[in-house]
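See below for the structure under consideration.
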Amino acid sequence: MDNSYIQTQIQELENKIHELDLLIKSTGDKTIKSMALEEIQKLSEQKEALSKPLKDTEAEIQSGDCIMEIRAGAGGNEAGLFASDLYNIYRRFSEKMKWKVSELSKNEGGIGNIKEIVFEVKSEDSNASKSKNTPYQLLRNESGTHRVQRVPSTESSGRIHTSTATIAVLPIVEKAEITIKPEDLRIDTFRASGAGGQHVNKTESAIRITHIPTGIVVQCQDERSQHKNKERAMSALQSKLSQMIHDQNAKSIDDIRSNQVGSAERSEKIRTYNFPQDRVTDHRIKKSWHNLEKILIGEIMPILSSLRDLKDEQTE
């Protein structure tokens, strides 16, 4: 059930309540008034039930863990290499934080080139959700278009190229109250590809789930077991549906992602990795950090904490 449907139902209930309220004010018949009041009570309870997921989602998404999607944007092969660099940055940072990174799906465009990768980032600390250093709290501000400026290894003239990659960050919902009906799902199995051992080409263990009402598609091919892949794909679907409901204006998950990352054009950037100047600049807070070599091996806590603290100040 997408957000636009819920909002329509709530609006219809509000209209009926308003009509009954006008009826109560215009009639002198006690029986009609009594019946109208009873109907208003029932409609109000229905409205509260529909509104509850919208109210609860904000609390639910603070579970701490997240799903990240990185896609190559403008720039051809160089954009794919940059997407791979970004993935390695977050993977190495997660290792330093003792978080677990698990790939859900990966589409490679060549050696070292990633067209798209989707992965979970989870803290194994049961008390992590009480702190500000959870995967979601630190990584949520990475959503957007990231730009790189550097000389590709294949560039003989030394010309600087500009390429982009987009990132979306979705919270993993632990206590969602969204009901997913089995009849609303199309589940396909297929043979996994890429790293993972010989088993990936022998069994159809990979899972792709399509949520028919919203068009959301999730897949997982990381696990050897089809059952485990299905379980993790359902978790990803739950997170995307929860995020959809939380976003009051989104009509589909594509709208949510578009709001987060823009169109991946070079001009739409939240951060620039400038290799010739050995500098990373976040354009939202107009702040720069040097030493790209350290940043590429996951030394990004100063960047992440600066953004997190600023966002926290803005919401206080």
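The values are calculated or read from the model by the stated rules, or taken from the named source; none is laboratory data. What you are looking at is a predicted structure, and each value in this text was computed from that prediction instead of being measured. A quick note on method: Cβ atoms are made from the backbone with ideal geometry, for glycine too, and the neighbour counts reach across all protein chains shown.
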Criterion first (crowded, with 20+ Cβ neighbours inside 10 Å, over 13 Å from the mean Cα position of the chain (by Cα) and either at pLDDT below 85 or not assigned by TED's automatic domain parsing to the domain that holds R147 (or both)) does A195 satisfy it?
no
Restrict the check to region 156-167 and report whether at least one residue is more than 17 Å from D282 (Cα to Cα) and in contact with a helix residue (DSSP H, G or I) (Cβ under 6 Å, 6 or more places away or on another chain).
yes
Among the residues of region 42-64, is there at least one that is assigned to a loop (DSSP other than H, G, I, E, B), under 26 Å from the mean Cα position of the chain (by Cα) and either modelled with pLDDT under 90 or not assigned by TED's automatic domain parsing to the domain that holds S163 (or both)?
yes
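A quick yes/no check of all residues on (1) of a type outside the set (F, W, Y); (2) surrounded by fewer than 17 Cβ atoms within 10 Å (Cβ to Cβ); (3) in contact with an Asp or Glu (Cβ under 6 Å, 6 or more places away or on another chain):
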{"position": "L81", "(1), (2), (3)": "yes, no, no"}
{"position": "Y90", "(1), (2), (3)": "no, no, no"}
{"position": "W99", "(1), (2), (3)": "no, no, no"}
{"position": "K106", "(1), (2), (3)": "yes, no, no"}
{"position": "N113", "(1), (2), (3)": "yes, no, no"}
{"position": "E116", "(1), (2), (3)": "yes, no, no"}
{"position": "E124", "(1), (2), (3)": "yes, yes, no"}
{"position": "R140", "(1), (2), (3)": "yes, no, no"}
Inspect all residues belonging to region 75-97 and state whether any of them is in a strand (DSSP E or B) and of a type outside the set (S, T, N, Q).
no
